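Okay, so here's the structure we're looking at.
The values are calculated or read from the model by the stated rules, or taken from the named source; none is laboratory data. In this text, all values refer to a predicted model and were calculated from it rather than measured experimentally. Cβ atoms come from the backbone with ideal geometry, glycine included; neighbour counts cover every protein chain shown.
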Amino acid sequence: MSDLLATSVSGLLAFQRALDVTSNNVANAATPGYSVENAQFTEQPSQASSAGFFGGGVDVATVQRTYDEALAQQVRSSQSGYSSFNTFATQAAQVDNMLSDSNTGLTASLQAFVNALQNVANSPSSSAQRQVLLGQAQALTQQLKSYDSQLTRFDGNIESQVSSSVNQINTLAGNIATLNQKIASELGATGQPPNDLLDQRDQLIDQLSQYVSVNTAQQGDGEINVYIGTGQTLVTGSTAQSLTTIPSLYDPTRIDVGLSTGGATTADITSQIAGGTLGGLLSVRSQVIDPTRNALGQVAVGLATIVNQQQAMGMDLTGSLGQPMFSVGGVQAFAASTNAGSASLNVTRGSLDALTTEDYRMQYAGGTWQLTDLTSGQTVAMTGSGTGASPFQAAGLSIVVSGSPSNGDSFEIRPTAGATQGLAVTLANPAQIAAASPIQASASAGNTGSGIIASQAVVNPADPQLLATASILFTSPSTYTINGSGPFAYTSGQPIAANGWSVTITGTPAAGDTFKVASNAGGAGDNRNALATIDALMSASSLNGGTTSLSGAANDLVSGMGVVTEQAQSNASAQHVVNQDSVTARNNVSGVNLDEEAANMVRYQQMYQAMAQMITASNAMFNSLVSAIAGR
Amino acid sequence: MRISTLTFQTNAIDQMDQLEAALSKTQGQLASGKRIQEAADDPAGMAQVNQLNAELSASRQYVTNQNAASANLQLEGQALSDATNLLQSARDLAVEANNASLSASQRQDIATQLQQQLQQLVAIGNRTDANGDYLFSGYASQTQAFTLSGNAVSYTGSDGVSQLQISANQRISGSDAGDAVFMSIPAGNGTFTTAAAAANTGSGSIDGGSVVDPSQWTPDTYTIAFTSPTQYQVTNSGGGVVASGTYTSGDAIQFQGIEVTVSGTPSTGDAFTVAPAGKASAFATLSGLIKTLSSPALSSAQITTQLGNGLAQIDGAIVQLGNVSASVGARLNAVTAAQSTEQSTQTQLQSSVSQLSDVDYAAAVTQLNSQEVALQAAQQSYASLARLSLFNYIQG
């Protein structure tokens, strides 16, 4: 009899517990990170008798949460991927929107500058059109500089987001370490899993995966070790390492991410970080901001170099050779903060077509300097010896090393990154626009032969004799002298060069015919150099090894950014779907289903009632027995 | 399959969010009329639109250039036509003067009229365009093209002329240099000039001559000297005799592939020269005529020879102006052709831009409708499914 009562009471208690668990499940149906719990029933020890073993009732062995570690890992890795792509796409879209406005865009500004040049070519003597050209030069400069400033602003935003991500990661890591300790002690004390703490810790790790990609390793005592990036330890048991922002190795104005590895040492792990908001931010910086700034710089250098070269080959309204129209920022060369030697680099730009939009590292190792392209990782061959007389020459750069390097010293060279910010219009006087060619070749009126001047060009504007009047006298139809020196053999169509110019005469001049090459001072209506400038800007392939024109490079910059953004956005939306699917898959296992809880409630209620009936039955049996004794 | 109640609800809400975002995008396209709202909507298309807009802007600039070229060339054409008319009337005066019956004072009157025409011709040569640039000064557009000093005219401009870009790969001269138009006119008949020696005493005069066989012509200065009124000898500059013969008035004298005709009665010792043609300027021709007509000391034979040469040179100048006018006309035609090309280019570019960036209303409206239907369905099914719960059916 007492057995019946005892088993019934054990049932009552067990189903009460189960109803508690069900009630808790329903209460937490909307709690983020909550894993549905089950009361795990177990039989109580049975009693042996001669008639066999009689069951001893039921007990709740433990309350178990429904949790699938593999599904949780999937959620985390897809969450890291999605955060990373989404951050990248959001930031890249900002740069793309900046560049692609068709009314104020780079292509439109460059075209407006060229149109103004055309108008100067139409009326080279018009001071008004020259003023407009200077205005457009200023506008184009401002446009490029405002792009560069906005990139700097984006970069600043990214750095502040990097800092806040680092802080978030540190907070989360600290909390995970604290929970690790609590879980280990509760598990040790009771032998039962502290489900609420486990849920909290899992949720913290989920949150961490939004900031950076995470790997976990379950330890025997219930603790979890957390690794980020390519295996850098963030949490070991109850100890959390902290991330810090540290000045970049080369450019101290930028920040990198460091991980303190115990003691005072901090390792730069920027390049190891992948995934999550932090990974997305760091890759936007290296894949969008820096390349865009470099490409803008290339356009700025191209603009300044082409226009200035052409200015030098022309003559302005005052009769002087043209002065540069633009100035542009120089090459940036950053020494590593760890350099031990006294070496410093002086880097200048050489030929425009060899200039790239890449950044380079120059390292001194084993007694030699080595130049590496940071994008491709390839070594770039250099000529020269690095001295002032024979600088290293590579990638359109000329590098002079001074001081003495220590082994392992390195420098980062950014050929075009600082160019745009230094861009400025240096020409203030519209009369200084060199629309004219500085020389004018002409045939003497008295010439009787058929020789005519086919073309004339300035070859070396630096020649001091360029503007001196020179006379080409034909001593016979096949020989000529220049200012009395010679004679030289004449072939129709072959250029005749002297004093920094080159003149081509065709036909058969007669003996005694003369041609004069003289300064074009007063040539206010001459537009030859203006037209040559337009050609040099729009059609001459002067960039990227002679494959791209300046206008082409400007257009490529805009369309290239568009492609990067579109890819990032489609990656982000694809990863969003993957992430949603994995969250759904996990929630379908761990989440609360109210219908299921309703059914459980009914089930446990019925069982509880049945147990209560058992007690009634036991009571009835006892009463029948008592009344049977009393009735005797 | 087991589904978490929370997941069911959040997924349904997510789906409705996405449908609403798509609806809003389509609505934005319809409202703005633009298919590409931002570059990332269609980066390749956006880059193309930017490129096309730049080409459109360049094309509009070419039309501006064409208008400038056309205005310049029309001014030049007008100047050339005025100069031709002027030379034509100068020619009439020279013909009128070439009459032995005129007195010295009558010739002086004609000289005075020619003087005025010379000044007018210089004024035409110094015409300016709307910017105040000299039409015929070439590169030196701020320098007056021609300077008149006495009766002598010198060219002070440049002999190079600016090109104007009238299309992407077509550049034409917007003007012509004054020395090519007015100064570099082949003298005489284009090959050689003839002259009577100033000391001639006879009545012999020489005509402009002509080339019979160009292959035999060696450019040199030849002297036809009369050893007697009926005998002549032709020598080259080295004194070598190249021809000689008996003179008959009005008969052609041939040597070195050319022929000249001397008429009248030369005296012994009279001489005529044949020299390779240089360049004569229209101004020099007029001032030569003025000098001839205002020199009473000249013999009538000399006047006849000089007026004859002058007439030939005026004819040469008129031909030269005609040639330049024809070239101006051809360039104006090129400008007109380029204008119509640019117009059709612009139409094409604009329609390409529109195709790339404008919304297809029919497609967008259809899309809007189908998105609307999808959203409604999602909302209705969520509303009815979310009410379902087993708890509703458990009676207390």
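When restricted to residues that are within 11 Å of chain A (Cβ to nearest Cβ) and crowded, with 17+ Cβ neighbours inside 10 Å, the range B:110-143 contains 13. Given (1) farther than 30 Å from A:Val458 by Cβ; (2) more than 8 Å from chain B (Cβ to nearest Cβ), where does A:Asp595 come up short, assuming only one miss? It fails just one condition, (2).
Only a single item in (1) among the small types (Gly, Ala, Ser); (2) surrounded by 18 or more Cβ atoms within 10 Å (Cβ to Cβ); (3) modelled with pLDDT of 90 or more is not met by A:Gly222, and it is number (3). Kindly indicate whether any position in the range A:356-374 is part of a loop (DSSP other than H, G, I, E, B) and on the phi > 0 side of the Ramachandran plot. Yes, the range A:356-374 contains a residue that is part of a loop (DSSP other than H, G, I, E, B) and on the phi > 0 side of the Ramachandran plot. Residues of the range B:100-109 that are polar (S, T, N, Q) and loosely packed, with under 12 Cβ neighbours inside 10 Å: B:Ser101, B:Ser103, B:Ser105.
With the structure loaded, tell me whether A:Ser410 is surrounded by 14 or more Cβ atoms within 10 Å (Cβ to Cβ) and within 16 Å of A:Ala335 (Cα to Cα) or whether it fails that test. Here the answer is yes, as A:Ser410 does meet what is asked. Within the range A:114-133, restricting attention to residues that are facing another protein chain (nearest Cβ under 9 Å) and not hydrophobic (A, V, I, L, M, F, W, C), which residue is nearest to A:Leu557 (Cα to Cα)? Here the residue is A:Asn115. Scanning the range A:114-126 for residues that are closer than 16 Å to B:Ser167 by Cα and not hydrophobic (A, V, I, L, M, F, W, C), we see that the one that is surrounded by the most Cβ atoms within 10 Å (Cβ to Cβ) is A:Asn122.
Checking every residue in the range B:48-57 against the condition of being within 13 Å of chain A (Cβ to nearest Cβ) and more than 29 Å from B:Glu342 (Cα to Cα) gives zero matches. Taking the criterion of being out of contact with any Asp or Glu (no Cβ under 7 Å at 6 or more places or on another chain) and at pLDDT 85 or above, the residues of the range A:372-387 that qualify are A:Thr372, A:Ser376, A:Gly377, A:Gln378, A:Thr379, A:Ala381, A:Met382, A:Thr383, A:Gly384, A:Ser385, A:Thr387. Quick check, is B:Leu86 touching a residue at least 24 places away in the same chain (Cβ under 8 Å), more than 10 Å from every other protein chain (Cβ to nearest Cβ) and surrounded by 15 or more Cβ atoms within 10 Å (Cβ to Cβ)? Here the answer is yes, as B:Leu86 does meet what is asked. Checked against the criterion of being away from chain B (no Cβ under 12 Å) and in a helix (DSSP H, G or I), the candidates A:Asn529, A:Asn555, A:Asn571, A:Asn579 yield just one match: A:Asn571. Checked against the criterion of being touching a Pro at 6+ places or on another chain (Cβ under 9 Å), farther than 22 Å from B:Thr292 by Cα and free of Cβ contacts under 8 Å to residues at least 60 places away in the same chain, the candidates B:Ser210, B:Ser162 yield just one match: B:Ser162. A single member of A:Ala389, A:Ala381 is more than 30 Å from A:Arg528 (Cβ to Cβ), surrounded by fewer than 20 Cβ atoms within 10 Å (Cβ to Cβ), hydrophobic (A, V, I, L, M, F, W, C) and in contact with a strand residue (DSSP E or B) (Cβ under 7 Å, 6 or more places away or on another chain), and it is A:Ala381. The lone criterion from (1) within 11 Å of chain B (Cβ to nearest Cβ); (2) part of a strand (DSSP E or B) left unmet by A:Val517 is number (1).
State whether one or more residues within the range B:164-173 are more than 10 Å from chain A (Cβ to nearest Cβ), assigned to a loop (DSSP other than H, G, I, E, B) and not hydrophobic (A, V, I, L, M, F, W, C).
Checking the range B:164-173: not a single residue is more than 10 Å from chain A (Cβ to nearest Cβ), assigned to a loop (DSSP other than H, G, I, E, B) and not hydrophobic (A, V, I, L, M, F, W, C).
Can you name every residue in the range B:145-158 that is touching a strand residue (DSSP E or B) at 6+ places or on another chain (Cβ under 7 Å), surrounded by fewer than 18 Cβ atoms within 10 Å (Cβ to Cβ) and away from every other protein chain (no Cβ under 11 Å)? Passing the criteria: only B:Thr147. Picking from residues in the range B:19-66 that are at pLDDT below 90 and among the β-branched types (Val, Ile, Thr), the one that is surrounded by the most Cβ atoms within 10 Å (Cβ to Cβ) is B:Val49. If you go through the range A:206-229 and keep only what is polar (S, T, N, Q) and closer than 18 Å to A:Ile169 by Cβ, you end up with A:Gln207, A:Ser209, A:Gln210, A:Ser213, A:Asn215, A:Thr216, A:Asn225.
Might you check whether a residue that is in contact with a Gly (Cβ under 9 Å, 6 or more places away or on another chain), part of a helix (DSSP H, G or I), free of Cβ contacts under 8 Å to residues at least 60 places away in the same chain and of a type in the set (A, V, I, L, M) occurs anywhere in the range B:24-40?
Looking for residues that are in contact with a Gly (Cβ under 9 Å, 6 or more places away or on another chain), part of a helix (DSSP H, G or I), free of Cβ contacts under 8 Å to residues at least 60 places away in the same chain and of a type in the set (A, V, I, L, M), one finds at least one in the range B:24-40, hence yes.
Candidates in the range A:558-568 are the residues that are more than 7 Å from chain B (Cβ to nearest Cβ) and not hydrophobic (A, V, I, L, M, F, W, C); of these, the one that is nearest to A:Val299 (Cα to Cα) is A:Gly560.
Inspection of the range B:368-377 identifies no residue that is touching a helix residue (DSSP H, G or I) at 6+ places or on another chain (Cβ under 6 Å), surrounded by 12 or more Cβ atoms within 10 Å (Cβ to Cβ) and of a type in the set (Asp, Glu).
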